[in-house]
1. Name the pairs: first residue in the range 181-203 and over 15 Å from TYR126 (Cβ atoms) and touching a residue at least 24 places away in the same chain (Cβ under 8 Å), second residue outside any loop (DSSP other than H, G, I, E, B) and aromatic (Phe, Trp, Tyr), Cβ to Cβ under 7 Å, at least 6 apart or on different chains?
2. Considering (1) at pLDDT below 95; (2) within 21 Å of the chain's Cα centre (by Cα), say which one PHE215 fails and leave the rest.
3. Checking VAL125 against (1) touching a residue at least 60 places away in the same chain (Cβ under 8 Å); (2) crowded, with 19+ Cβ neighbours inside 10 Å; (3) more than 18 Å from the chain's Cα centre (by Cα), which single condition isn't satisfied?
4. Considering PHE16, PHE45, which residue is under 21 Å from TRP185 (Cα atoms) and touching a residue at least 40 places away in the same chain (Cβ under 8 Å)?
5. Looking only at the range 214-230, which residues are over 21 Å from LYS15 (Cα atoms) and of a type outside the set (A, V, I, L, M, F, W, C)?
6. Suppose we filter ASP100, ASP96 for residues that are touching a strand residue (DSSP E or B) at 6+ places or on another chain (Cβ under 6 Å), touching a residue at least 60 places away in the same chain (Cβ under 8 Å) and closer than 20 Å to TYR189 by Cβ; which single one remains?
7. Tell me, which helices (runs of 4 or more DSSP H) lie completely within the range 1-112 with 3 or more residues that are crowded, with 16+ Cβ neighbours inside 10 Å, modelled with pLDDT under 90 and on the phi < 0 side of the Ramachandran plot?
8. Given (1) surrounded by fewer than 15 Cβ atoms within 10 Å (Cβ to Cβ); (2) closer than 20 Å to ASP229 by Cα; (3) modelled with pLDDT of 80 or more, identify the lone condition not met by PHE209.
Amino acid sequence: MESRRHIGLWRLGHKFASSLLAQAGAEVICIEPPTGDPLRELTPFGREEYMLADKETGEKCGLGFINEMRNQYSVTLDVETEEGQELFKKLAVHADVVIDGMLPGYMDERGVGYRQLSQINPRLVYCSVALRGTWGPMKDRVSKFGQWELDPFAQATNSYIHNTGLPQDQLPRGKGIDPTRAGSWVADYIAGEQAGVNILAALYWRDEFSGEGQFIEVSSAEALMDILDF
């Protein structure tokens, strides 16, 4: 993956894909919003003492961000502004891959999605990592709290949570527990792994056969279905 440049936008699923590609030698640039990547503030059990502090500034950061950002660059860029959009386009012109973890349609609406970037960089491989897909009827569904991109929603969408507990009326003799999510962000990590594999395949196809980039869609809920045992 040496000499390959990848650009990633916020979310854990894309960060795992980015970290895998970075370990393989790719140059990866993580785009953070002006407020910083939300993953910086996540810490085990929500306990601040498990965060690491910068020796010079004292600023604290979660271990998850430090782990997933290994071997990567990080820059701040606001794609909500015209200046930020133009800067993003300049980066994309020289990129082999863009990994988009934003809401479906978010980047297109700001003129920096696959439709626009493929016009200025026909060799670009663009991978969208969305929880419930990019175009389907469930793509815009949110919880009652207004949250959209959370791993447990993917686990519930495809019944993965039934692997960790079944309702009592579905088991013999009334034994069982309520469905519950897995303890780790399994949907995000599996989606990230599938994104990484598909990106490698798209780059191989581009370099060896077509000479052109392509659009890749990875859904966290769909990726999790690959490991269901029923």
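The values are calculated or read from the model by the stated rules, or taken from the named source; none is laboratory data. Source: prediction; values computed, not measured. Methodologically, a virtual Cβ is constructed for each residue, glycine included, from the backbone with ideal geometry; neighbour enumeration extends over all protein chains shown.
1. ASP188/PHE16; TYR189/PHE16; GLY192/PHE16; GLU193/PHE16
2. It fails just one condition, (1).
3. Looking at each condition in turn, VAL125 falls short on (3).
4. PHE16
5. Matches in the range 214-230: ASP229 only.
6. After applying the criteria, what remains is ASP100.
7. Hits in the range 1-112: 12-23, 63-68.
8. Checking PHE209 against (1) surrounded by fewer than 15 Cβ atoms within 10 Å (Cβ to Cβ); (2) closer than 20 Å to ASP229 by Cα; (3) modelled with pLDDT of 80 or more, the one that fails is (2).
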